[in-house]
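K.L.:
Just dropping this structure here.
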Amino acid sequence: MNESGRGIRSILATDCGSTTTKAILIEKRGDEYQLIVRGEAPTTVEAPVEDVTAGVINAITEVEELAGRKLLDDGIIIKPQNGDEGVDIYISTSSAGGGLQMMVAGVVRNMTAESAERAALGAGAIVMDVIASNDKRLPHEKIERIRHLRPDMLLLSGGIDGGTTSHVVELAEIIAAARPQPRLGIAYELPIIYAGNKDAQELIRERLEDVMSLEIVDNLRPVLEREELTPTRHKIQEQFLEHVMAHAPGYKKLLEWTDTPVMPTPGAVGEIIQTVSEQHDMQVVGVDIGGATTDVFSVFKNREDEPSFNRTVSANLGMSYSVSNVLAEAGIDNVLRWVPFDIEEGDLRNRVKNKMIRPTTIPQTLQELVLEQAIAREALRLAFVQHKQLAVELRGVQQQRTISEAFEQAESGQTLVNMLSLDMLVGSGGVLSHAPRRQQSMLMMIDAFQPEGITHLAVDSIFMMPQLGVLAQVNAEAATHVFERDCLIHLGTCISPIGVGKESESCLSIEISVPEKAVITEDVPYGEIRLYPLDIGETASVKLQPSRKFDVGAGRGSLLETEAMGGVVGLVVDTRGRPLEIPLDPTERVEQLNKWQKALNTYPTE
């Protein structure tokens, strides 16, 4: 915990989203920090108001009324807390105004350019395009692309320290020739961050200093074997505030109010995921599925057994504005495989287009809900596939290989995403957080992510991960208390053997022991989902004996004894196999899906 975070009794935090500004009040009660109330109001960054602070004041006013406590004095937040009035600190995040949109340039596409892309994504940016010396585009095509996209900021990287400088200088000349114009306002120079070979810094200054607002930081790939992304990420967030946010309506005033810098919303969600992973030494995947984009965050151990944080933005996968893209990218058959009734293709396409035209509508019938959740499974699955492709061990690094591996010559890096070592999966976003039944959220996440072995699942109840991410910078203890106590809804644990078999053949023997309750012993055949009662706060000792074809984490056919945490759904045993296969025959598919959903009591029966 930061020294500056000690002695804080009350915290007011806001998240200025593209449509809604959310405010929360956190107080220290006894030894623990707790969420007291939450308020929200429409975001006011666009016409006619064009002042983000108006929405912030409206959201805080609702918090004031709900808490029965004075927080504002003539439109100014009262600080520090004095008796029952005011708060000790005020913090905020923002994605209003479309968030942070960046272009990234690097010398080699799957080495320095990919490292630069990871740095930008980790800082909370949407990466519009990645330009590389070896991307097969001609210089005039690259120039045209930079001019056309009009990013908020550029990141240039390339070369290890002491290496060749010519390629990264060529990229700088292309950017200088493009002279990109800012998206918001014309009164400032567009920021560009150089995080490449230190030997090229003077040459880069000569090319870019007079064209753009140039900032130079340490090389993000100083040697081939190591990435150092933190200085670049911090500089991106700093420049975002100084150049981009400062020109959005009302942000100057907001920046004067806050006690810490305003963070881009996705960057803040990444911070809380990292904080929780660090404090509990867990490997975590978090997902936030929105109307336009789906963000995936992960912390997995790398080859050196150090935690490695990655974030990806699937900017074309969402549940309202981007819902047609999900259908186009997944294909109609992949969406239909999750639908437990017969439906014409044309009917499904029409419903999807209606959702895109009217993005704020929510399902009105059970059939509409089932279809929306089928599309959500595909959006989550595709976003996770993209995440696995970027969350990799460093490419281009010499590694010791066996003869067979050497023959394979895999030029791409090994993905860090190891589902068998995953401890926790956290879902967020309307379709997961606001599903009518928690079983629906759990099954959507199991179907989309296909966890392996023993995995605990949870959802963010009211989407306060962004505010807690900023709070983690000031007071990690307070952020973790509230995250675990008020933010997370624990769904339960999923046990999933790896392997494929035939329906009804032997798969897993399970023994579940909960203190003061009868021991449950069962054989679960292949192709089933079983639900066992295990409440929030309960922990079961489980003995898992897979048959010789299957593995629950100790090796094929090997016994595993472990513990499983309970939740609002309970303990789910999923013997449908990994990878999960859905019957192709429509009649079989409908029968199988209905059987699985009935096992979890996912939808109300007629």
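Just so you know, all these numbers are worked out from the coordinates, no wet-lab data involved. Here the structure is a predicted model, which is why all the values come from computation and not from measurement. Here the Cβ positions follow ideal geometry from the backbone for every residue, glycine too, while neighbour counts run over all protein chains shown.
K.L.:
Specify the inter-centroid distance of the stretch 1-66 and the stretch 100-157, based on alpha-carbon positions, in whole Å.
P.N.:
34 Å
K.L.:
What full-extension length gain, to one decimal in nm, is calculated for Asp342 and Asp51 as 0.36 nm per residue of separation minus the Cα-Cα distance?
P.N.:
99.9 nm
K.L.:
How far is the Cα center of the stretch 519-565 from the Cα center of the stretch 419-450, in Å?
P.N.:
Cα centres, the stretch 519-565 to the stretch 419-450: 19 Å.
K.L.:
Can you sort Ile332, Ile512 from fewest to most other Cβ atoms within 10 Å of each residue's own Cβ?
P.N.:
Ile332, Ile512
K.L.:
Could you please state, rounded to a whole Å, how far the C-alpha centre of the stretch 275-336 is from the C-alpha centre of the stretch 191-258?
P.N.:
26 Å
K.L.:
Taking neighbour counts of Cβ atoms within 10 Å as a proxy for exposure, in what order, fewest first, do Lys502, Lys388 appear?
P.N.:
Sorted ascending by nearby Cβ count, the order is Lys502, Lys388.
K.L.:
Which far-off residues, 5 or more places away or on another chain, put their amide H under 5 Å from the one on Ser509, with H placed in the peptide plane?
P.N.:
Val524, Gln545, Ser547
K.L.:
Can you give the local net charge around Leu229? Use residues other than it whose beta-carbon is closer than 12 angstrom to its beta-carbon, Lys and Arg +1, Asp and Glu -1.
P.N.:
Result for the local shell: +1.
K.L.:
Could you tell me the relative contact order of the stretch 181-277? Use alpha-carbon pairs under 8 Å, at least six residues apart, and round to a whole percent.
P.N.:
23 percent
K.L.:
While we're on this one: Mind ordering 258-270, 431-443 by average Cβ neighbours within 10 Å, highest first?
P.N.:
Highest mean packing first, the order is 258-270, 431-443.
K.L.:
Moving to a separate point now. Using 0.36 nm times the number of residues separating Ile78 and Arg29, minus their current alpha carbon distance, what extension gain do you get?
P.N.:
Contour length minus Cα-Cα distance gives 15.6 nm.
K.L.:
Which percentage, to the nearest 5, of the DSSP beta bridges contained in the stretch 191-307 is antiparallel?
P.N.:
65 percent
K.L.:
Using only Cα atoms, what Kirkwood radius does the stretch 327-375 have, in angstroms?
P.N.:
11.1 Å
K.L.:
So if I place +1 on the C-beta of Lys and Arg and -1 on the C-beta of Asp and Glu, and nothing else carries charge, what would the dipole magnitude of the chain be about its Cα centre? I want it in debye, nearest 20.
P.N.:
900 debye
K.L.:
Given an 8 Å cut-off on Cα distances and at least 6 residues of separation, report the relative contact order of the stretch 100-247 as a percent.
P.N.:
That works out to 26 percent.
K.L.:
Next up: Where a ≥ b ≥ c are the square roots of the eigenvalues of the C-alpha gyration tensor, would you call the stretch 220-337 rounded, which needs a/c under 1.5, or, failing that, prolate if a/b is larger than b/c, or oblate?
P.N.:
Oblate shape, in that a/c is at least 1.5 and b/c is the bigger or equal ratio.
K.L.:
What net charge is computed for the residues neighbouring Gln450, neighbours being all others with C-beta under 15 Å from the C-beta of Gln450, Lys and Arg scored +1, Asp and Glu -1?
P.N.:
Around Gln450, the charge tally is 0.
K.L.:
Grab every C-alpha pair in the stretch 100-247, bin the distances at 10 angstrom width from 0 up to the longest one, and report whole percents.
P.N.:
13, 48, 35, 4, 0
K.L.:
For the chain, what is the mean residue ellipticity at 222 nm derived from helices alone (per DSSP H run of n ≥ 4: -39500 (n - 2.57); sum divided by total residues; nearest 500 deg cm²/dmol)?
P.N.:
Taking each H run of at least 4 residues, the total per residue is -10000 deg cm²/dmol.
K.L.:
In the chain, if the dipole is taken from +1 on Lys/Arg beta carbons and -1 on Asp/Glu beta carbons about the Cα centre, which of Leu241, Leu593, Thr415 is farthest to the positive end?
P.N.:
Looking along the dipole axis, the top candidate is Leu593.
K.L.:
Using a ≥ b ≥ c from the Cα gyration tensor of the stretch 3-96 (square roots of the eigenvalues), is it rounded, prolate or oblate, where a/c under 1.5 gives rounded and otherwise the larger of a/b and b/c decides, a/b for prolate?
P.N.:
Since a/c reaches 1.5 and a/b is larger than b/c, the shape of the stretch 3-96 is classed as prolate.
K.L.:
I would also like to ask the following. Can you give the charge dipole size of the stretch 150-221 about its Cα centre, rounded to the nearest 20 debye, using +1 on the beta carbon of Lys and Arg and -1 on the beta carbon of Asp and Glu?
P.N.:
Its charge dipole is roughly 300 debye.
K.L.:
Where q = 0.15, 0.24, 0.30, 0.31 Å⁻¹, what log10 of I(q)/I(0) comes from the Debye formula for the stretch 190-233, counting one point per Cα?
P.N.:
The Cα Debye sum returns log10 ratios of -0.37, -0.82, -1.06, -1.09.
K.L.:
Still on this structure, I have one more. Between beta-carbons, use under 10 Å as the cut-off and find the net charge around Ala374, counting Lys and Arg +1, Asp and Glu -1.
P.N.:
Around Ala374, the surrounding residues sum to -1.
K.L.:
In nanometres, what is the gap between the two model label sites at Ala328 and Leu584, each 7 Å from Cα along Cα-to-Cβ?
P.N.:
Going from the Ala328 label point to the Leu584 one covers 2.7 nm.
K.L.:
Oh, and also: Describe numerically, in nm with one decimal, the distance between label points set 7 Å from Cα along Cα→Cβ at Gln279 and at Lys598.
P.N.:
In this crude spin-label approximation the distance works out to 4.3 nm.
K.L.:
Starting from the Kirkwood radius over alpha-carbon pairs of the chain, derive D by Stokes-Einstein at 25 °C in a medium of 0.890 mPa s and give it in µm² s⁻¹.
P.N.:
95 µm²/s
K.L.:
Additional query: Residue by residue through the stretch 445-450, which ³J(HN,Hα) values in whole Hz follow from phi under the Karplus form 6.51 cos²θ - 1.76 cosθ + 1.60 (θ = phi - 60°), with glycine and proline marked x?
P.N.:
5, 5, 5, 6, 9, 6
K.L.:
Here's another thing I want to ask about it. From the square roots a ≥ b ≥ c of the eigenvalues of the alpha-carbon gyration tensor of the stretch 485-606, which class results: rounded (a/c under 1.5), prolate (a/b over b/c), or oblate?
P.N.:
It is oblate, given that a/c is not under 1.5 and a/b is not larger than b/c.
K.L.:
By counting other Cβ atoms within 10 Å of each Cβ, how are Ser314, Ser504 ranked from fewest to most?
P.N.:
Ser504, Ser314
K.L.:
Another question, if that's okay. Out of the DSSP beta bridges found with both residues in the chain, what percent are antiparallel (nearest 5)?
P.N.:
The antiparallel proportion sits near 65 percent.
K.L.:
Stick to Cα atoms and the Kirkwood definition of Rh, then tell me Rg/Rh for the stretch 172-266.
P.N.:
Reported Rg/Rh (Cα atoms, Kirkwood Rh): 1.01.
K.L.:
Suppose we keep just the DSSP beta bridges with both residues in the stretch 100-247; what percent of those would be antiparallel, to 5?
P.N.:
If we restrict to bridges inside the stretch 100-247, about 5 percent are antiparallel.
K.L.:
Below 8 Å, C-alpha to C-alpha, sequence gap of six or more: please give me the relative contact order for the chain in percent.
P.N.:
Result for the chain is 11 percent.
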